[in-house]
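The values are calculated or read from the model by the stated rules, or taken from the named source; none is laboratory data. These numbers come from a predicted model, not from an experiment. Using ideal geometry, Cβ is built from the backbone for each residue, glycine included, and neighbour counts are taken over all protein chains shown. Just so you know, the surface numbers come from the protein's heavy atoms only, side chains and all, with ligands and any DNA or RNA stripped out. Shrake-Rupley method; radii C 1.70, N 1.55, O 1.52, S 1.80 Å.
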Amino acid sequence: MNILRFEDLVAQGKVTGQRVFIRADLNVPQDDAGRITEDTRIRASVPAIELALKAGAAVMVTSHLGRPTEGEFKSEDSLAPVAQRLGELLGREVKLVSNWVEGVTVAPGEVVLLENCRLNKGEKKNNEELARKMAALCDIFVHDAFGTAHRAEGTTYGIAQFAKVACAGPLLAAEIDAINKALANPKRPLLAIVAGSKVSTKLTILQSLAKNVDGLIVGGGIANTFMLAAGLKIGKSLAEPDLVGEAKAVIEAMKARGAEVPIPEDVVVAKTFAADAPATVKAATDVADDDMILDIGPKTAAKLAAQLKAAGTVVWNGPVGVFEFAAFEQGTKAIAQAIAESDAFSIAGGGDTLAAIAKYGIEKDVGYISTGGGAFLEVLEGKTLPAFEILSKRAAG
């Protein structure tokens, strides 16, 4: 994928004195009082901003926050707490600018934060008039928000169409490189872990990966549906019996290529879904009618761990059991540790996956941790993201 990179423009001296508009992803969780509870996304946006400031650019940054109603300002939709935290991280004051579409005053070496872009009428539907006005604010547009790369909105697509120069910031460029390394040009064997409660939400991903991966590890409720497809009983476990045909088709498609979907040999079951429910390890063929499968068993975990350690590339989306409960976390823990110990290039994404990575402290051992939930899933589905498409178009002239 050929795109212009902001880092290259800086290195070529093309950013000095220019007006730079950065679309960041600063959509952070807040408590009821509006205090930021987790600032990973703000910290991830700092390199692009510092790069622009050091190059002597006049810097404008914007992001969405929450789901505001366009044209209706409410204090809870304001980026004010973000401006304060960004200022602390940059070691300088970051002024928050409201009603910025018609014009922004910012000097070279300065940075301002433009109020929640989703307050602007026409943002979500990518209104052309709005996009042209935003493009007129800058000399260089920098897309650095992978979390929104799957949306064609005013600040993610329209502005990139009409700005004099449109490029990828360091965060977006790193995502593109990691995705290419994992999916476009992977070191074999390529293993994918796709887990979650429902096959229906991940079916297109499973079908897309089945054409490319050497092993497709399924977990959670998805694995239960695949166990049904393999003729096993799953008791009262979460599953989607109406999608057994699709699960069988994925298994067959993999088999035809000499690849496999490993079906659990043993599982950890309980009679109720609760943190204190007694956990029992059973062979996958011995699940009783009143059992609930809440994790993979130790034999299955050991087998999968061995495969992951021998892999060339690993794509990880979703924990394989109810890892929030201590009695049902061993499968996910074993998978996490195997990925950490493997020499494979690993890319991980999705909220629950990031929570598992944090819980087991393996952040430094994962090759690349993706910051975009929905965008990461759409890439796994084999879709071309709107942000990638428009940046490629602009790079091609």
Checklist entry - Among the residues of the stretch 93-107, which ones are over 32 Å from the mean Cα position of the chain (by Cα), among the polar types (S, T, N, Q) and either open to solvent by less than 50 Å² (accessible area, probe 1.4 Å) or at positive phi (or both)? => result none
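Residue-wise test of (1) in contact with a helix residue (DSSP H, G or I) (Cβ under 9 Å, 6 or more places away or on another chain); (2) buried (at least 19 other Cβ atoms within 10 Å of the Cβ); (3) under 18 Å from Ser45 (Cβ atoms).
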residue: Val111; (1), (2), (3): yes, yes, yes
residue: Arg118; (1), (2), (3): yes, yes, yes
residue: Lys121; (1), (2), (3): yes, no, no
residue: Cys138; (1), (2), (3): yes, yes, yes
residue: His143; (1), (2), (3): yes, yes, yes
residue: Gly154; (1), (2), (3): yes, yes, no
residue: Ala160; (1), (2), (3): yes, yes, yes
residue: Ala163; (1), (2), (3): yes, yes, no
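Evaluate the following for Lys202: is it out of contact with any His (no Cβ under 9 Å at 6 or more places or on another chain), closer than 16 Å to Val379 by Cβ and either charged (D, E, K, R) or modelled with pLDDT of 95 or more (or both)? Break it down into steps so the answer makes sense when it comes.
Working: out of contact with any His (no Cβ under 9 Å at 6 or more places or on another chain): yes; closer than 16 Å to Val379 by Cβ: yes; either charged (D, E, K, R) or modelled with pLDDT of 95 or more (or both): yes.
Criteria met by Lys202.
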Item to check | Check on Arg5, surrounded by fewer than 12 Cβ atoms within 10 Å (Cβ to Cβ), touching a residue at least 12 places away in the same chain (Cβ under 8 Å) and within 24 Å of the chain's Cα centre (by Cα) | outcome: no
Next on the checklist: Quick check on this structure: which one of Ala256, Ala210, Ala284 is free of Cβ contacts under 8 Å to residues at least 12 places away in the same chain, of a type in the set (A, V, I, L, M, F, W, C) and on the phi < 0 side of the Ramachandran plot?
Outcome noted: Ala256
Item to check | Among residues of the stretch 186-233, those that are part of a helix (DSSP H, G or I) and closer than 14 Å to Ala253 by Cα, counted | outcome: 10
Checklist entry - For the stretch 27-77, how many residues are small (Gly, Ala, Ser) and open to solvent by 10 Å² or more (accessible area, probe 1.4 Å)? => result 8
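Return yes when Leu190 is under 27 Å from Gly372 (Cα atoms), touching a strand residue (DSSP E or B) at 6+ places or on another chain (Cβ under 6 Å) and crowded, with 20+ Cβ neighbours inside 10 Å and no when it is not.
Details: under 27 Å from Gly372 (Cα atoms): yes; touching a strand residue (DSSP E or B) at 6+ places or on another chain (Cβ under 6 Å): yes; crowded, with 20+ Cβ neighbours inside 10 Å: yes.
Yes.
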Checklist entry - Do any strands (runs of 3 or more DSSP E) lying entirely in the stretch 1-120 carry at least 2 residues that are among the basic types (Lys, Arg), and which ones are they? => result 19-23
